[in-house]
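This report refers to the structure that appears directly beneath it.
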Amino acid sequence: MMVSLVIPTLNEAENILPLIKRLDEVLGGPREIIVVDDDSHDGTWKIATESAPLFPNSHLRVVRRRQDHGLARSLQAGLDVARGDIVVIMDADLSMPPEMVPELVRRVVAGNDLAIGSRYLPGGSPKGHFPGAKDSRLGVWLSSALNVVLRLWLSPRVTDYTSGFAAVRRELLEDISFCGRHGEYFIALAYLAQKRGYKVVEVPYACCSRARGESKTGRRPWDYARRGWRYAAVAVGLRFGFGVE
């Protein structure tokens, strides 16, 4: 099976090349890496484009989006050009270890439709902290608390509804589209996959703190509140069968 890695980026100039190098080293078989950039002002798209000849086996491509920005829309743009039977989605900040990607892919090859990297299964862990880490302690705590609520509200079968790190069989993505603008798309993907009878499995992983660049989620309470209401609206809509846009 061919694997397409879709990586949305926004101002990740310091992280994108190390990420691509590590992915290229651990991946085998037919694959392509698709960087979908929201017109980063730090030149992330340019770095990725110029490095493409260095990774001929990974068929690196760059999609530069100049309008209609947003995480879910970037993922959909990557899916629109992806050729793989299995699509891997992940962040570009190195919080999600590239070395976990082959295991997620193996779980789909073994018969699952959606393999989720989970921070909350035994053996996994959310972001730690070290001097100079770019992640907010408040953000880490809120993410953990949100997932407790989502497990109670939607289904306990999935432990990490805001993971954003997964391997997905293409047929599932043709049935369930990426909704919303930000991380709420993954809540819908994980829940609807269960509800529609797809085989969903989770794999524990240790999430790493951002060492370089700035978080796109924010660091202040009102940043999280601004995103949080969208997550709540999607969760309510899913539970009661409302449309999710």
Among the listed residues Gly197, Gly237, Gly228, which satisfies the condition of being of a type outside the set (A, V, I, L, M, F, W, C), outside any loop (DSSP other than H, G, I, E, B), surrounded by fewer than 20 Cβ atoms within 10 Å (Cβ to Cβ) and at pLDDT 90 or above? Gly237
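For Ser215, state whether it is buried (at least 16 other Cβ atoms within 10 Å of the Cβ) and either at pLDDT below 90 or not in a strand (DSSP E or B) (or both).
Considered against the rule, which asks whether it is buried (at least 16 other Cβ atoms within 10 Å of the Cβ) and either at pLDDT below 90 or not in a strand (DSSP E or B) (or both), Ser215 comes out as no.
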Within segment 5-29, considering residues that are under 16 Å from the mean Cα position of the chain (by Cα) and part of a helix (DSSP H, G or I), the one surrounded by the most Cβ atoms within 10 Å (Cβ to Cβ): Ile16
For Glu32, indicate whether it is part of a loop (DSSP other than H, G, I, E, B) and surrounded by 14 or more Cβ atoms within 10 Å (Cβ to Cβ). no
Which pairs have Cβ atoms under 6 Å, sit 6 or more apart or on different chains, and link a residue in segment 86-102 that is more than 14 Å from Arg212 (Cα to Cα) to one that is buried (at least 23 other Cβ atoms within 10 Å of the Cβ) and of a type in the set (S, T, N, Q)? Val87/Ser4
Wholly inside segment 62-179, strands (runs of 3 or more DSSP E) that include 3 or more residues that are surrounded by fewer than 16 Cβ atoms within 10 Å (Cβ to Cβ) are none
Of all residues making up segment 180-193, the number that are surrounded by fewer than 20 Cβ atoms within 10 Å (Cβ to Cβ), modelled with pLDDT of 95 or more and under 21 Å from Leu94 (Cα atoms): 0
Do you know which of the residues in segment 180-194 that are under 28 Å from Arg137 (Cα atoms) and not in a loop (DSSP other than H, G, I, E, B) is nearest to the chain's Cα centre (by Cα)? Phe186
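The values are calculated or read from the model by the stated rules, or taken from the named source; none is laboratory data. On a predicted model such as this, the values are computed, not experimentally measured, just so you know. Heads up, the Cβs are rebuilt from the backbone with ideal geometry, glycines too, and the neighbour counts pull from every protein chain shown.
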